[in-house]
1. Of all residues in segment 16-35 being of a type in the set (S, T, N, Q) and touching a helix residue (DSSP H, G or I) at 6+ places or on another chain (Cβ under 8 Å), which is nearest to GLN82 (Cα to Cα)?
2. Going through segment 37-56 one residue at a time, which ones are over 24 Å from LYS77 (Cα atoms), of a type in the set (A, V, I, L, M) and part of a strand (DSSP E or B)?
3. Can you report the number of residues in segment 62-97 which are within 16 Å of VAL11 (Cα to Cα), of a type in the set (Val, Ile, Thr) and touching a Gly at 6+ places or on another chain (Cβ under 6 Å)?
4. What do you reckon, is SER69 within 21 Å of SER126 (Cα to Cα) and free of Cβ contacts under 8 Å to residues at least 40 places away in the same chain?
5. Step by step: first the residues of segment 8-36, then only those that are within 11 Å of the chain's Cα centre (by Cα) and outside any helix (DSSP H, G or I), then the one that is surrounded by the most Cβ atoms within 10 Å (Cβ to Cβ). Which residue is that?
6. Which of the residues spanning segment 109-127 are at pLDDT below 95 and either closer than 10 Å to LEU15 by Cα or small (Gly, Ala, Ser) (or both)?
7. Out of all the residues in segment 128-146, which are assigned to a loop (DSSP other than H, G, I, E, B) and either closer than 19 Å to THR65 by Cβ or at pLDDT below 50 (or both)?
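The values are calculated or read from the model by the stated rules, or taken from the named source; none is laboratory data. Here the structure is a predicted model, which is why all the values come from computation and not from measurement. Positions of Cβ are generated from backbone atoms using ideal geometry, with glycine treated the same way; all protein chains shown enter the neighbour counts.
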Amino acid sequence: MFVPNHLHLLVKGYLKSPPQTEKVLNIWFTQLVDNVGMKVVAGPTSVYVKEPGNEGITGTVTLATSHASIHVWDNDKPPMFQFDLYSCCEFSPKVVLKHIDDWFGLLEAHYQMIDRNGNDFKVIDSGNFKKGSLKKIVDIFKRNKH
């Protein structure tokens with residue numbers, strides 16, 4: 001029987017090569033979901049927003065265990081993004097950050113992993129990514145298993 005473990009990853013960062021098309025972002029979402037071992041039930045859906053000051057691509061994917069979403073402000077220098085992944089399954093922030101870096105050249109990022117199981121949310125992991133520092137990010141789930 002499935003036992004939910006409510007985890008929420010929030011990431012704000014900056015990209016070298018931000019996604020420009022819906023097709024690229026949708027493929028990125030599909031591969032991200034595979035990398036974290038989850039299942040798509042709807043989407044992904046992405047659209048390029050042309051509103052002045054808010055230009056950039058935005059997308060979501062609905063998972064059997066919840067969702068992931070991203071918005072990229074590609075006119076910022078460097079381009080900024082905000083990303084979140086909420087799931088009832090365990091996953092690693094390191095895997096997500098590596099996937100972002102592999103596809104879009106992650107320059108810098110700040111993240112928090114939040115445990116949403118109780119009435120009071122708890123930050124269970126947080127950190128910063130700078131190019132070349134991914135190996136320094138500690139995987140909270142490996143740490144907890146020792």
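1. Going through the qualifying residues, I end up with SER17.
2. VAL40, VAL41, ALA42
3. 2
4. Yes: the conditions hold for SER69.
5. This residue is GLY13.
6. Across segment 109-127, the qualifying residues are GLY118, SER126, GLY127.
7. ILE137, VAL138, ASP139, LYS145, HIS146
Quick grid of which residues meet (1) more than 18 Å from LEU25 (Cβ to Cβ); (2) part of a strand (DSSP E or B); (3) more than 15 Å from the chain's Cα centre (by Cα); (4) not polar (S, T, N, Q):
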site	(1), (2), (3), (4)
THR58	no, yes, no, no
HIS67	no, yes, no, yes
ASP76	no, no, yes, yes
PHE83	no, yes, no, yes
PHE91	yes, no, no, yes
HIS99	no, no, no, yes
HIS110	yes, yes, no, yes
ASN117	yes, no, yes, no
VAL123	yes, yes, yes, yes
